[in-house]
């Protein structure tokens, strides 16, 4: 029962936080949507970029907790993989210390970590297998934007431009803020809403019903 409550709380935090970002971002987009001047446009773009970065931070925090909870649910695979004694008591702090320690661990690319997750999480309870290719594609694109905003390197810029060309047929590079502002914020809304869709897919696999997640303030 306690583990289910922990899952509910983790998903609720993510979904409510992302919903608030979407609502606040669209309010910024629609507030005097007729752009007054270049300074006004730049301000809107910077705010949307900051919301995108915040959404990625929420996602990473959620994912780290989710993986630990999944291991706690059935720690047998985890014990075997890390060669732990069968009778050792597994708790949140021990799992986190073994998986992460005191260093930052980049969990966001679930697709490339599928094999690793299958070794430490019971396959029957592994919800990441339920995610769709579309959800992965949107998540990867969100992080392509995030990486460019975080580093502004030539490599991250080239990678973003290639993604623009492949997914949106853009011939020229545009800053993420301009992209997020396009189509009255539709790009911004769909990228962030994907985090909620992924959360819903995961919790359905875990048997956490919609009624447990009240998406309200």
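Just so it is clear, none of the values below were taken in a lab; they were calculated from the coordinates. In this text the structure is predicted, and so the values were computed from the model without any measurement. For neighbour counting, all protein chains shown are included, and Cβ atoms are generated from backbone atoms with ideal geometry for every residue, glycine included.
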At 222 nm, what helix-only mean residue ellipticity would the chain give, in deg cm²/dmol to the nearest 500, using -39500 (n - 2.57) for each DSSP H run of four or more? -24500 deg cm²/dmol
With springs connecting C-alpha atoms under 10 Å apart, model the chain as a Gaussian network and identify which of 112, 50, 156 has the largest mean-square fluctuation. 112
Distribution output for segment 2-212: share of Cα-Cα pairs per 5 Å bin in percent, first bin at 0, values 1, 6, 14, 17, 17, 15, 11, 8, 6, 3, 1, 1, 0, 0
Largest-first ellipsoid semi-axes for segment 89-131, taking √(5λ) over the Cα gyration tensor eigenvalues, angstrom: 20, 15, 7
Estimated FRET transfer efficiency when R0 is 25 angstrom, pair residue 184-residue 37 (beta carbons, to 0.05): 0.85
Percent breakdown of C-alpha pair distances by 10 Å bin, ordered from the shortest bin, for segment 130-217: 15, 41, 27, 14, 2
If you consider only alpha-carbon coordinates, what radius of gyration and Dmax does segment 1-80 have, in Å? 18.5, 61
Identify which of 135, 111, 38 has the largest mean-square fluctuation in a Gaussian network model of the chain, with springs joining Cα atoms closer than 10 Å. 38
Could you give the length gained by full extension between residue 92 and residue 125, i.e. 0.36 nm per residue of separation minus their alpha carbon distance, to one decimal place? 10.1 nm
Where does helix 2-30 land angle-wise versus the long Cα axis of the chain, in degrees 0 to 90, nearest 10? 0
Space enclosed by the convex hull of the alpha-carbon atoms of segment 18-133, per residue, Å³: 137
So what's the angle, to the nearest 10 degrees on a 0 to 90 scale, between helix 110-120 and the longest Cα principal axis of the chain? 10
Only Cα pairs within less than 10 Å get springs; with that Gaussian network setup on the chain, which residue of 54, 146, 105 has the largest fluctuation? 105
